[in-house]
Each structure stands twice: as C-alpha cells, then as structure tokens.
Amino acid sequence: MSIHIIIPFLLFIFSLIHCSPKYTIETYPDSLVEPDLCNLNSPGFACDPDQLLKPFNHTLSGAEYLSQHLRRIRYATNCPCLKKDELYGYCSNVNSHGYTISIAIMKLIAMNNDTMSAENHNHSVQIFAKMLQRQQHRSQCADDALIVAVADWKIVHTSVGEVIGRVLTPNIITRISQEAEPLFANANYLHGLTYMINRYGQILQHSIQNPEIKIWSMIWSRIMNSWLNLFLTLIVFITFIILIILIIIRFCCNKKQTYIIGREITN
C-alpha cells in the first residue's frame, strides 16, 4: 500500500479516536452514578467527561474541587420546601438537605444543524440544561439548579427549579454570569465556575433559612410599611391643619388691631 494512502488513513483514524463526542441527554454521564466517566474518584455533583477543567492540585481534579464546594452548599442550607410546594416534593425526615447545585461541562452537545446561529446555540443549551436537570432529578421539591457549560460555543447557562428560582432569580443569575465572564478567559472554566457557585452559595445561605419565617417576615414588613405610610400621612395632615389654624389666628389678630386703631381716630 502506498505511503500516500497510509498517512491520510492514519490521520483520519487518529482524529476519530481523539474527537470528543457530541453529547445528548441520554449519553451524558451522571456524576452520581458514573463518577469515573465524569473525572471523579467518587460520586459527586460536577461532571467533566472531556476533562476541560484544569486540575486544582496534584490530588484533586477540577471536577472534584467543584464537587466539594457544591456539597458544602447542599449541607450549609436548610430544606426550603414549603407546604405549597408539595406538588414538587417535600423535605425528607431522613438525610434532609438544602439546595442542590450541579455542574455539567462538555465540548459540544448534539444538534440537528451545525450551521445554527449563536442565538439558536443559546436556546439549544437552555433546552439541554433543563432536560438534563429533569433527567438527573436531584431536587427534593424543585430546589435544585444545574450549570451547563458548552466550551466550543462559549456558553454557560444556569437552569433552576421553581423553588430555588425564588432566590436565584433571572436577574441575579444574569448579573453573576456577567461578573464571571472575564474569569472564563483562555477557557479557564475552573475559575469561572468556582466564582459562580461561590456567589450562588452566598446568596442561598444568606436567604432566610426557614421559609415559614420568610413568609411572616414579608407580611410583617408590609404591615409596617402600611403603618409607616399612615403615620407619615397623619403627620402631614396635622401639620397642614396647624398651619391653617395659625394663618386664621394671625388674620383675626390683624383685623382686631385695625379696628382698635379706627376707634382711636374717631374719638
């Protein structure tokens, strides 16, 4: 066989071997079930099958380092499920925990059309993240979030459940994503993702831990605001009445003085 045929053939085989797969919902590994496929030594909450994250040190991979942070958030917060959230689930009496955040990073996801625009890429990642979040089902009552990073498209998207979404609102997610954007420079996803989960963790931990207390706090705040508005209105009204009375008294005094002067001139 000619060397001119062998070399292109070997290059083709080599490219196939080293080509990263385009993941679907079904083919992306679950870090709690297949940690070895996610570059983890044990089950965790971060998955890096393409090994895009830089190692944290000689003993911890990037995925293991992020997983440690995610586990801390899970046990540093309380279960946020309310009675009205029973449709989604409830707090377990055994091994109850707080908010669960997971991370999935990959080079590409499978698409039907490789020539789609950046806007369609964003929409595809949003759908992929929501479907993967539902498939992994790591929530107690829709209190989980999934951060999906697609490296080749330079897209990072956070998908949230309905309950955690009360704290991690779209505005907060957008602001934190924008803050983390410079940290993703040079494809350093470890720094960017670490920043995002730390900020999410701070917000979740500083939110009122007991949801029932939060509801009563909101009610009390509204009552206090109403009383404050009523009090200020009353002060303005009393001040206005006093001002009117003073003007009337002043007018009457001036009129009396004028009348007395008139009598003196007549006599």
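The values are calculated or read from the model by the stated rules, or taken from the named source; none is laboratory data. Quantities reported herein were computed from a predicted structural model and do not represent experimental measurements. A quick note on method: Cβ atoms are made from the backbone with ideal geometry, for glycine too, and the neighbour counts reach across all protein chains shown.
Here are some residues: E162, E119. Which one is assigned to a loop (DSSP other than H, G, I, E, B) and charged (D, E, K, R)?
Details: E119 fails: assigned to a loop (DSSP other than H, G, I, E, B).
Matching residue, one of E162, E119: E162.
If you filter region 21-58 down to residues that are in contact (Cβ under 8 Å) with a residue 12 or more places away in the chain and assigned to a helix (DSSP H, G or I), you find that the one that is farthest from L190 (Cα to Cα) is L37. In this structure, V163 does satisfy being touching a residue at least 60 places away in the same chain (Cβ under 8 Å), buried (at least 21 other Cβ atoms within 10 Å of the Cβ) and over 8 Å from the mean Cα position of the chain (by Cα). Candidates N186, N198, N171: the one that is out of contact with any helix residue (DSSP H, G or I) (no Cβ under 6 Å at 6 or more places or on another chain), within 18 Å of Q126 (Cβ to Cβ) and either of a type in the set (A, V, I, L, M) or part of a helix (DSSP H, G or I) (or both) is N171.
Determine if region 120-131 includes at least one residue that is of a type in the set (K, R), closer than 16 Å to L32 by Cα, in contact with a strand residue (DSSP E or B) (Cβ under 7 Å, 6 or more places away or on another chain) and surrounded by fewer than 21 Cβ atoms within 10 Å (Cβ to Cβ). No, that holds for no residue. Can you confirm whether region 29-47 contains a residue that is modelled with pLDDT of 95 or more, acidic (D, E) and under 22 Å from S159 (Cβ atoms)? Yes. Scanning region 59-88 for residues that are touching a residue at least 40 places away in the same chain (Cβ under 8 Å), more than 15 Å from R166 (Cβ to Cβ) and not in a helix (DSSP H, G or I) yields a single hit, E86. Could you look through region 131-157, keep only residues that are without any contact (Cβ under 8 Å) to a residue 40 or more places away in the chain and not in a loop (DSSP other than H, G, I, E, B), and pick out the one that is farthest from A63 (Cα to Cα)? Going through the qualifying residues, I end up with R134. Y88 meets the stated requirement of being over 13 Å from G201 (Cβ atoms), surrounded by fewer than 18 Cβ atoms within 10 Å (Cβ to Cβ) and among the aromatic types (F, W, Y). Condition (residue is surrounded by 17 or more Cβ atoms within 10 Å (Cβ to Cβ), aromatic (F, W, Y) and at pLDDT 90 or above) applied to region 98-111: is it met by at least one residue? Yes, some residue in region 98-111 is surrounded by 17 or more Cβ atoms within 10 Å (Cβ to Cβ), aromatic (F, W, Y) and at pLDDT 90 or above. Is there a residue being farther than 30 Å from L146 by Cβ, at pLDDT 90 or above and in a helix (DSSP H, G or I) anywhere in region 216-238? Checked against the condition, which is being farther than 30 Å from L146 by Cβ, at pLDDT 90 or above and in a helix (DSSP H, G or I), region 216-238 yields at least one hit.
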